[in-house]
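Undergrad: Handing you this structure, nothing more for now.
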Amino acid sequence: MKIILINPKLKDESGFFASQGVFKKLIAIPAITLPYIAASTPSEVEVVIWDETTLRDKINFNEKPDLVGITVSTYAASRAYEIADEFRERGVKVVLGGYHPTIAPEEAKLHADCVVIGEGEDIWLDILDDLKRGKLKEFYKRQSLPDLKNLPIPSMKLIKRMYTFLGIHVAHIRVSRGCPHNCSFCNVPFLHGRKFRFRPVEEVINEIKVSGTKIVNFMEDNIVGHPEYAKELFEKLIPLKIRWISPSSITIANDPELLKLAEKSGCKGVSIGFESISKDGLLELNKFQNLEKDVSNIVRKLHEHGILVIGSFIIGLDTDDVSIFDKTINFIRQTNLDFALPFILIPMPQTEIYKKLLSEGRLIKKEWWLGNYYPQEPFYQPKLMTKEELLNGLIYMIDNIYSFPSIIKQVFFKNNSANSKITLLQKFVALLLNVGYLQLFREQKK
Ligand code: B12
């Protein structure tokens, strides 16, 4: 039996930093989803992975596998459906799984023989059995969320291009799934449940050892979501002498023991969703955990522990008027962030924000993910400005934050602490990220 697993690109690829500019050439963050599915496949089945995103694999529609499995995120749904339709027209069976089919299973079913709702490792075996017997069901869904014990090690070897950061082999590792928070823009609780689930620390340590590299990218929502688990993990990472980066919440800076352990275990950078510089914005996003926090102080503490800080912001909230652009630029400068990413709000389906915009008749199109769209365009009518003002405001912000003198100042000449442990190498990495984004932005502007 032969199976082809596909990760589709966006129809209009521009706009998402993961696959453009310097990120295309020097930094590749591969999706680990399909390597997980491949690793859950019995060894007698032949599996190949085509990743149209970061790895730019080409789809060969002349292939006739027994099954094509496609992972579908909302922003790549229309390309995923195009690929699925083409294979089905050629008589190949197609299964769709991932974020978007979990959110919109009936829509996905229009383009597939079967749809997987939720996490897929165990279900995958049932699908393969049913396929063998010619009895594929229309929908597959587990009744409960799986325990993360004994997850397979993702088959990264099936990814054709070296997964890299400047040519260095990086291990991309996931330790938890689920989130108890209720942020109004985020899909994660709907997709992976309202509870943190963790892999046993020993299994994570083993996966790092097996990877054969000392550089690790944790693909988390928040590495310190459960501080006690994080402390145990960090302690066990210390003997491995690795360097790691991860998304995190500000909790990392507010718990001295956690911060010390993060440093000792090799943490060199975190990305933090600050989301909004205003209290009203944070309330609108239900991001209560960020309220009343002194971001300058958080960045300073992280720098004093040798940790770079990437901060992301959502622009275009109902509480944002046109003054938000300058205010956010000033905030980024004053807080000494090493790399800052402003995004226009994306109303992901099944989120509170999506439902609100839909009920107020402010979505440009109910199913904005169908058809050709430009990922950075606002898919909704903002409240206190026009769509054009929002897009132009974002461009203005990026022009300012990423002007060359501004980057140099932000990376090399800020001085937020005499005790900063940020090394020259880290500054170089921050420079690269900023210049990469500038390059991407110039491409996008064209
Ligand atoms: C790592 C990550 C990234 C990395 C991407 C790396 C990469 N090359 O893909 C980076 C940082 C680059 C990134 C960027 C973005 N991301 Co992101 N990201 C994540 C994150 C944290 C983890 C994803 C992951 O690796 N999961 C691990 C795998 C194993 O789980 P999985 O994909 O869910 O797969 C399981 C099931 O879904 C199912 N399954 C999935 N596919 C299939 C297929 C088949 C055939 C089967 C049987 C089963 C199956 O089985 C799998 C195993 O159980 C998730 C949040 C989360 N907690 O999931 C957000 C998430 C996926 N990202 C999201 C978003 C919105 C974005 C951005 C658009 C953000 C932005 N504003 O730019 C960009 C766009 C990406 C791009 N194309 O450039 C949203 C997507 C929502 C949606 N409805 O699609 C999520 C869910 C976060 C959120 N808060 O809502 N992201």
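Undergrad: State the extension gain, in nm to one decimal, for the chain segment bounded by Glu86 and Asp280, taking 0.36 nm per residue of separation less the distance between their alpha-carbons. Could the numbers behind the result be given before it?
TA: Details: separation 194, 0.36 × 194 = 69.84 nm, distance 4.66 nm.
Between Glu86 and Asp280, full extension yields an extra 65.2 nm.
Undergrad: Restrict the search to segment 251-310; then list the GluC sites (Glu not before Pro) that DSSP places in a loop and that have at most 10 other Cβ atoms within 10 Å of their Cβ.
TA: Details: sites: Glu257, Glu263, Glu275, Glu284, Glu292, Glu304; in loops: Glu292.
Within segment 251-310, the qualifying GluC sites (Glu not before Pro) (loop, at most 10 other Cβ atoms within 10 Å) are Glu292.
Undergrad: Taking the chain on its own, what percent of its Cα-Cα pair distances exceed 42 Å? Walk me through the numbers before you get to the answer.
TA: Details: 12610 of 99235 pairs.
Across the chain, Cα pairs with separations above 42 Å total 13 percent.
Undergrad: How much length is gained if the chain between Asn150 and Thr386 is pulled fully straight, taking 0.36 nm per residue apart and subtracting their Cα-Cα distance, in nm to one decimal?
TA: Details: separation 236, 0.36 × 236 = 84.96 nm, distance 5.03 nm.
Stretched out fully, the Asn150 to Thr386 stretch lengthens by 79.9 nm.
Undergrad: To the nearest 10 degrees, how steep is helix 77-89 against the longest Cα principal axis of the chain, on a 0 to 90 scale?
TA: Once rounded, the angle reads 20 degrees.
Undergrad: Here's something else I'd like to know. Setting aside same-chain residues fewer than 8 positions from Lys414, which lysines have a Cα under 16 Å from its Cα?
TA: List returned: Lys301, Lys427.
Undergrad: A further question follows. Would you mind computing, in nm to one decimal, how far apart the modelled labels at Asp130 and Asn182 are, each placed 7 Å from Cα along Cα→Cβ?
TA: Placing both labels 7 Å beyond Cα along the Cβ direction yields 3.4 nm.
Undergrad: Positive end of the charge dipole of segment 2-141 (Lys, Arg +1 and Asp, Glu -1 on Cβ, about the Cα centre): tell me which of Ala112, Leu136, Tyr75 has its Cα farthest that way.
TA: Positive-end residue among those listed: Tyr75.
Undergrad: Restrict the search to segment 348-393; then list the GluC sites (Glu not before Pro) that DSSP places in a loop and that have at most 12 other Cβ atoms within 10 Å of their Cβ.
TA: Details: sites: Glu352, Glu360, Glu367, Glu388, Glu389; in loops: Glu360, Glu367.
Taking segment 348-393 and a limit of 12 other Cβ atoms within 10 Å, the loop GluC sites (Glu not before Pro) found are Glu360.
Undergrad: Would you please state which residues of segment 30-66 a label at Lys2 would reach in this model, taking the label point 7 Å out along Cα→Cβ and a backbone N cut-off of under 13 Å?
TA: 46-49, 60-66
Undergrad: Another one. For the pair Val322 and Asn415, what calculated FRET efficiency results from E = 1/(1 + (r/R0)^6), where r is the Cβ-Cβ distance and R0 = 45 Å, to the nearest 0.05?
TA: Numbers: r = 31 Å, r/R0 = 0.70.
Efficiency for this residue pair is about 0.90.
Undergrad: Ok, one more. Given a cut-off of under 8 Å on Cα pairs at least six residues apart, what relative contact order in percent is computed for the chain?
TA: Working: 791 pairs, mean separation 62.4, N = 446.
Relative CO of the chain lands at 14 percent.
Undergrad: Do any chymotrypsin sites (Phe, Trp or Tyr not before Pro) in segment 395-446 lie in a DSSP loop with no more than 16 other beta carbon atoms within 10 Å, and if so, which? All intermediate terms of the calculation are to be shown ahead of the outcome.
TA: Values: sites: Tyr396, Tyr402, Phe412, Phe413, Phe428, Tyr437, Phe441; in loops: Tyr402, Phe413.
In loop regions of segment 395-446 (DSSP not H, G, I, E or B), the sparsely surrounded chymotrypsin sites (Phe, Trp or Tyr not before Pro) are Phe413.
Undergrad: Separate question: For the cross-link pairs Lys2/Lys64; Lys58/Lys135; Lys209/Lys264; Lys64/Lys132, which exceed 20 Å when the distance is taken from alpha carbon to alpha carbon? Working shown, then result.
TA: On the way: Lys2/Lys64 9 Å; Lys58/Lys135 30 Å; Lys209/Lys264 18 Å; Lys64/Lys132 16 Å.
Over 20 Å Cα-Cα: Lys58/Lys135.
Undergrad: Would you list, by chain and number, the aspartates and glutamates whose Cα falls below 15 Å from the Cα of Lys421, excluding same-chain residues fewer than 8 positions away?
TA: Glu263, Glu304, Asp338
Undergrad: Quick one: Karplus J couplings for segment 48-62, per residue in order, coefficients 6.51, -1.76, 1.60, θ = phi - 60°, nearest Hz, x for Gly and Pro?
TA: Result, ordered by residue: 10, 10, 10, 10, 6, 7, 3, 8, 6, 5, 8, 8, 9, 6, 7 Hz.
Undergrad: Here is a follow-up. Return the lysines within reach of Lys355: Cα separation strictly under 27 angstrom, same-chain partners fewer than 8 residues apart disregarded; answer none if there are no such residues.
TA: Partners within reach: Lys9, Lys11, Lys109, Lys141, Lys195, Lys279, Lys287, Lys365, Lys366, Lys383, Lys387.
Undergrad: Can you tell me the relative contact order of segment 259-405? Whole percent, Cα pairs under 8 Å, sequence separation 6 or more. Spell out each step's value before the answer.
TA: Details: 176 pairs, mean separation 35.3, N = 147.
Relative contact order for segment 259-405 comes out at 24 percent.
Undergrad: Determine, from the Cβ-Cβ distance of Ile364 and Tyr396 and an R0 of 22 Å, the FRET efficiency 1/(1 + (r/R0)^6), rounded to the nearest 0.05. Show your work: numbers first, answer last.
TA: Details: r = 22 Å, r/R0 = 0.98.
Efficiency computed from Cβ-Cβ geometry: 0.50.
Undergrad: Which value in deg cm²/dmol, rounded to the nearest 500, describes the helix-derived mean residue ellipticity at 222 nm for the chain, given -39,500 (n - 2.57) per DSSP H run of n ≥ 4 and division by the residue count? If you can, show how the numbers build up before the last one.
TA: Working: 18 runs with 169 residues, N = 446.
Roughly -11000 deg cm²/dmol at 222 nm, from the helical runs in the chain.
Undergrad: For the residue pair Arg194 and Lys260, what label-to-label distance in nm results when each label sits 7 Å from Cα along the Cα-to-beta-carbon direction?
TA: Label at Arg194, label at Lys260, 3.6 nm between them.
Since every read-out is calculated from the coordinates, none of them should be taken as a lab result. Everything numeric here is computed off the predicted structure, so don't read it as measured data. With ideal geometry, Cβ positions are generated from the backbone for all residues, glycine too; neighbour counts draw on all protein chains shown.
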